[in-house]
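The values are calculated or read from the model by the stated rules, or taken from the named source; none is laboratory data. Computed from a predicted model, the values in this text were never measured in an experiment. Here Cβ is always computed from backbone atoms with ideal geometry, including for glycine, and neighbour counts include all displayed protein chains.
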Amino acid sequence: MYYYTPLWFPVVVVDITIASATLHKLQILPGSSRLGGDSRDGPPQEFHVGQSVRVPCPKGQQVRGSGTVSCRPDQTWSPVSAGCPVAPPPRGPRVVRGAVFQFGDVAVYSCFGGYAMEGVGRSRCLENGTWTPPPACRAVCWLQCQNGGVCQRPNICSCPEGWMGRLCEDPICILPCLNGGRCVAPYQCDCPSGWAGTRCHSAVCSSPCLNGGRCIRPNRCHCSPGWSGHGCSRKRKSGYYHM
């Protein structure tokens, strides 16, 4: 009668065929069907002939196939019939209307008619998913806007308060200028000779009206009762009245 005595000598393994005293963890290498270990200083991990080991994948990956291997008498492992496929990168958001760009791509800009480009006409896709600053398109007015106006659209000025017109050249006087006065600035009238005031509504008399007289037209006084003459300087005779 023959007796079979199994072999139970220790075997230290770092991969399929090479022994090492620094193996701490046996696992399937990422993206392959090969065995590997986590090599660090310290006591080795021992396996015995005939011992089966279920080999895991690195953290975050799943075993495809049979992850069990056996220690063979020649100090090697049985073939690995499993793998740890590398997971594809996560899919980004779905682009509904547009294009997908990658790091390093360049976008070229242009402006519509009536606009001029300010800045560099190219923008580059950065590795963090953003773009370098794009240029700006500025509206062009062939005739310059006046009085602080800003070209808002092609050949159209946006005027500040108190101005109007295509080029903001016309001042606005909400209350009209009187007695032949002319609006020359916002709420400011240019008055003809003999008139003054914000609306040219005050008559000017070169000589003051005396004795309570009032200037009613250029160089014309309306005198108080009892006074007459130019500037209301003469006392009126009894029974006689003169402006």
Among (1) under 30 Å from residue 113 (Cβ atoms); (2) in a loop (DSSP other than H, G, I, E, B) - the single one residue 151 does not satisfy | (2)
Being surrounded by 13 or more Cβ atoms within 10 Å (Cβ to Cβ), in a loop (DSSP other than H, G, I, E, B) and either in contact with a strand residue (DSSP E or B) (Cβ under 8 Å, 6 or more places away or on another chain) or β-branched (Val, Ile, Thr) (or both), is that true of even one residue in segment 124-133?
-> no
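Every residue, every condition in (1) more than 30 Å from residue 117 (Cβ to Cβ); (2) in contact with a strand residue (DSSP E or B) (Cβ under 6 Å, 6 or more places away or on another chain), yes or no:
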position	(1), (2)
168	no, yes
171	yes, yes
175	yes, no
180	yes, no
193	yes, no
198	yes, no
Out of curiosity, is residue 152 surrounded by fewer than 16 Cβ atoms within 10 Å (Cβ to Cβ) and either touching a Leu at 6+ places or on another chain (Cβ under 7 Å) or touching a residue at least 40 places away in the same chain (Cβ under 8 Å) (or both)?
-> no
Of the listed residues (138, 97), the one being part of a loop (DSSP other than H, G, I, E, B) and either closer than 30 Å to residue 155 by Cβ or modelled with pLDDT under 75 (or both) is 97
Checked 189, 221, 168, 215 against criteria (surrounded by 15 or more Cβ atoms within 10 Å (Cβ to Cβ), among the hydrophobic types (A, V, I, L, M, F, W, C) and part of a loop (DSSP other than H, G, I, E, B)); the one match is 168
